[in-house]
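Working notes, structure below.
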Amino acid sequence: MLGKDFTITDLLADGYDAIFLASGGWDSRLLRTGGGEAEQSVPGTYLLIDLLNAGRQKSDSVPIKEDVVIYGGSAGVMDAALVCRQLGAENVTVLFKESAAKIGLKAETLENAAGEGIQIVYDVAVTRLAGRGQELEEVEYQTTGDGVPKTLAARTLFLASGRLPELIFRKTARWTDTEEENDVVEKDGGPVAWEGICPYKKPAFKDEVGLLAAGDELTDFSAAIKAIGAGRRAAASIHRIMYGLGLDLAPDVVTPASDIQNVSAVENVPAQTRQIM
């Protein structure tokens, strides 16, 4: 099992150039066979339910480190941010995907957050995770207004969703191949340096940015065709990442809103019986 029997950084250290994480559904603890323990498939990354359970049970099942980031959710997330402060976090930042007007935090809530030193950023899309070994180090995000990438220190990340996003992991430039064994080692002898990036979006949502965007909110693996399509997008994304190509789709990519020339009649073409599948 990922996170117990092996880790993402184990696979990177074994020589894999890219790893695709596709949990494909809700957290296993929401299933009848799921347990109650916090899972950590992605280093330093947990679901919000993990944090709320830890605060309710006053347990240390989720390590609250100095820099905590909470991504997504609604106004209720602010209670979770206060829990982080109570559990010892020095810096807590809440990243909302929506605007301040849509979230609609009350003045009292904002005052309490300011008093606890909790930072709030609106209109945010998280675009990249980075760290070393089993430690998360930073979260990269951009706001809708300027689209300029910004880096935020993060040792623990909580996602206000029922699942982890699809992510492609690769070694960063701090790694090099040794000539003797063609093995991958850290230049400074330390643990694996890695980054996690999401695949490019479905054509219908090609303008969406970041993890858990509008087109990614609900799992759409209800049919084999959709699952195959998602796999092909992931494979193409891995190829482009490994060759240094951008993940932006072409401006003329076909979407449900595209105007397509259709054929309603064909002349001088004999009809043929369709082959039975």
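The values are calculated or read from the model by the stated rules, or taken from the named source; none is laboratory data. What you see is a predicted model; the values in this text were computed from it and never measured. Cβ coordinates were reconstructed from backbone atoms using ideal geometry, including for glycine residues, and neighbour counts include every protein chain displayed. SASA here: full protein model, heavy atoms, side chains in, ligands and nucleic acids out. Shrake-Rupley method; radii C 1.70, N 1.55, O 1.52, S 1.80 Å.
Taking residues in region 112-133 that are in contact (Cβ under 8 Å) with a residue 60 or more places away in the chain and farther than 23 Å from Asp146 by Cβ, and partners anywhere that are part of a strand (DSSP E or B) and open to solvent by less than 10 Å² (accessible area, probe 1.4 Å), the pairs with Cβ atoms closer than 7 Å and at least 6 places apart or on different chains are Gly131/Trp194; Arg132/Ala193.
Residues that are in a strand (DSSP E or B) and open to solvent by 50 Å² or more (accessible area, probe 1.4 Å) within region 96-127 comprise just one, Gln119.
Figure legend. Inter-residue proximity from region 139-166: first residues in a loop (DSSP other than H, G, I, E, B) and crowded, with 18+ Cβ neighbours inside 10 Å, second residues at pLDDT below 85 and charged (D, E, K, R), beta-carbon distance below 7 Å, spacing 6+ or different chains. Indicated pairs: Arg163/Asp27; Pro165/Asp216. The residues listed here are Glu186, Glu181, Glu208; of these, the one that is modelled with pLDDT under 80, of a type outside the set (Ser, Thr, Tyr) and either surrounded by 15 or more Cβ atoms within 10 Å (Cβ to Cβ) or closer than 21 Å to Lys150 by Cα (or both) is Glu186. Note on region 190-205: among residues that are among the hydrophobic types (A, V, I, L, M, F, W, C) and in a helix (DSSP H, G or I), the one that is farthest from the chain's Cα centre (by Cα) is Ala204. Answer yes or no as to whether Ile70 is within 17 Å of the chain's Cα centre (by Cα), closer than 25 Å to Leu21 by Cβ, at pLDDT below 90 and not in a loop (DSSP other than H, G, I, E, B). So Ile70 does not fit the description; no. Condition check for Thr219 on (1) touching a strand residue (DSSP E or B) at 6+ places or on another chain (Cβ under 7 Å); (2) modelled with pLDDT under 60: one failure, at (1).
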